[in-house]
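Before any comments, here is the structure.
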Amino acid sequence: MTKKLISFSVLMAALLSASAQKDTAAHAPAAPPPIAITGSVDGYYRYNLDGATNNITSFTNSINSFELGMASIRGDHSFGKGGVTVDLGFGRRAADYSYNDTTNKNNLFALKQIFATYQASSKVKLTFGKWGTHVGYEVLDAYSNRNYSMDYMFSYGPFFHTGIKADVTIDSNWAYMLGVANPTDFSTTTSSTKVLLGQLSHTNKAATWKEFLNYQGYWGVGAPTVLNPGTAYVLFKSLHQADLVINGTLNKKWGIGFNGTYQSVEADKTYSWYGAAVYLNYDPTAKFGYTLRAEYIDDKDGIKLAQKGNITDLTLSGIWKIDNCLTIMPEIRLDAASADGVFLKSDGTSTKSTVSALVAAVYKF
């Protein structure tokens with residue numbers, strides 16, 4: 001009888017232990033998902049037919065030289081309603097992008113983006129930190145653009161914002177964003193002025209057309225800003241920029257994009273500049289395509305350009321995708337200015353137009 005009681009007790013203890021383990025496992029918190037790691041590397045060779053640099057847009061400031069653009073590594077993690085992104089950049093492209101954060105020009109490291117998100121509801125997401133701007137058509141990462149060289153509206157528009165924003169989904173076709181940030185392109189500042197951010201976006205039911213109406217602006221004294229390249233810093237009393245982006249898919253091979261922007265600033269008086277660009281995309285196969293960019297920028301007040309006037313940019317790029325990771329991008333570009341002194345020949349004399357060619361390699365993982 002004693003042996004039977006002992007055996008019964010051991011059996012009950014084992015069953016209770018197994019039940020407890022199952023119950024503990026059932027109520028244990030779920031393990032967080034792994035961090036998603038992505039990255040890219042890009043580089044290029046550029047040559048100008050006039051034998052001068054003749055580049056006044058971002059990132060391709062070289063001639064007859066093999067150049068490294070940027071190496072990026074990005075980590076994204078989300079769990080429950082929260083998430084975080086850390087996006088690091090190494091190279092001249094990253095340093096130029098965060099120009100207000102890089103006091104030493106030999107320091108080629110930059111925090112491109114670092115932000116936390118919170119999904120407050122099924123339709124509202126909050127973001128706090130530093131993120132790439134919503135204004136404009138082109139973006140920092142080369143693999144996200146169909147031209148390797150940058151347009152004037154990207155180069156002279158905002159790069160990034162540091163602050164807080166709310167993305168709100170209205171329905172399956174409409175959404176909007178509202179935010180407040182430091183003066184544009186400043187991760188840290190002593191200025192009390194804050195920039196108001198806004199975006200209204202729409203997608204048609206077939207998801208073949210997307211439109212974005214963007215805004216940034218402030219009233220009151222802002223951060224020190226260069227009114228004209230090479231001149232002293234000034235304080236703007238106000239700044240307002242409205243921007244429109246349209247992306248359309250015409251059929252399986254053809255697509256079109258548009259970007260128009262207008263910015264006005266108030267200093268000793270009111271100044272303004274504007275620009276527009278059309279992107280025509282043709283992809284005869286899944287691995288090869290072309291993009292023609294036609295851009296016009298008018299800066300009669302000399303806010304952004306060293307010489308008052310206008311510039312036209314025509315850029316034709318090829319896009320050759322290899323194994324979905326590597327992209328080769330040959331490109332030829334014509335820039336034409338209305339004023340003298342914008343572009344130069346090798347002997348130092350002025351020319352109103354210049355032609356450049358480059359070939360870039362972009363690897364994304």
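The values are calculated or read from the model by the stated rules, or taken from the named source; none is laboratory data. Note that the structure is predicted; figures quoted are calculated from it, not measured. No Cβ is skipped: glycine too gets one built from the backbone with ideal geometry, and neighbour counts run over all protein chains shown.
Tabulated results
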quantity: Residue check, Lys81 loosely packed, with under 15 Cβ neighbours inside 10 Å, at pLDDT 95 or above and among the charged types (D, E, K, R); calculated: yes
quantity: Single condition Thr188 does not satisfy, out of (1) in contact with a His (Cβ under 7 Å, 6 or more places away or on another chain); (2) modelled with pLDDT under 95; calculated: (1)
quantity: Index of the failed condition, Ile63 passing every other in (1) of a type outside the set (Gly, Ala, Ser); (2) touching a Phe, Trp or Tyr at 6+ places or on another chain (Cβ under 8 Å); (3) touching a residue at least 60 places away in the same chain (Cβ under 8 Å); (4) assigned to a loop (DSSP other than H, G, I, E, B); calculated: (3)
quantity: Candidates Thr133, Thr127, Thr117, filtered to the one that is modelled with pLDDT of 95 or more, in contact with a Pro (Cβ under 6 Å, 6 or more places away or on another chain) and not hydrophobic (A, V, I, L, M, F, W, C); calculated: Thr133
quantity: Residue within the range 289-312 that is under 27 Å from the mean Cα position of the chain (by Cα), of a type in the set (Val, Ile, Thr), surrounded by 15 or more Cβ atoms within 10 Å (Cβ to Cβ) and over 19 Å from Ser155 (Cβ atoms) present; calculated: no
quantity: Some residue of the range 112-132 being touching a residue at least 12 places away in the same chain (Cβ under 8 Å), outside any strand (DSSP E or B) and either touching a helix residue (DSSP H, G or I) at 6+ places or on another chain (Cβ under 8 Å) or within 28 Å of Tyr279 (Cα to Cα) (or both); calculated: no
quantity: Within the range 301-342, tally of residues that are in contact with a strand residue (DSSP E or B) (Cβ under 9 Å, 6 or more places away or on another chain) and either closer than 15 Å to Ile56 by Cβ or free of Cβ contacts under 8 Å to residues at least 12 places away in the same chain (or both); calculated: 23
quantity: Matching strands (runs of 3 or more DSSP E) fully within the range 142-213 where at least 2 residues are β-branched (Val, Ile, Thr); calculated: 160-169, 195-203
quantity: Residue count for the range 311-329, restricted to those that are within 18 Å of Gly289 (Cβ to Cβ), outside any loop (DSSP other than H, G, I, E, B) and among the polar types (S, T, N, Q); calculated: 3
quantity: Those residues of the range 330-365 which are charged (D, E, K, R) and assigned to a strand (DSSP E or B), in sequence order; calculated: Glu331, Arg333, Asp335, Lys364
quantity: Only one of Ala142, Ala120 that is closer than 30 Å to Leu326 by Cβ and either touching a strand residue (DSSP E or B) at 6+ places or on another chain (Cβ under 7 Å) or surrounded by fewer than 20 Cβ atoms within 10 Å (Cβ to Cβ) (or both); calculated: Ala142
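Here is a yes/no grid of residues against (1) closer than 30 Å to Trp209 by Cβ; (2) touching a Phe, Trp or Tyr at 6+ places or on another chain (Cβ under 8 Å):
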position: Gly248; (1), (2): yes, yes
position: Lys269; (1), (2): no, no
position: Thr285; (1), (2): yes, no
position: Gly289; (1), (2): yes, yes
position: Asn324; (1), (2): yes, no
position: Ile328; (1), (2): yes, yes
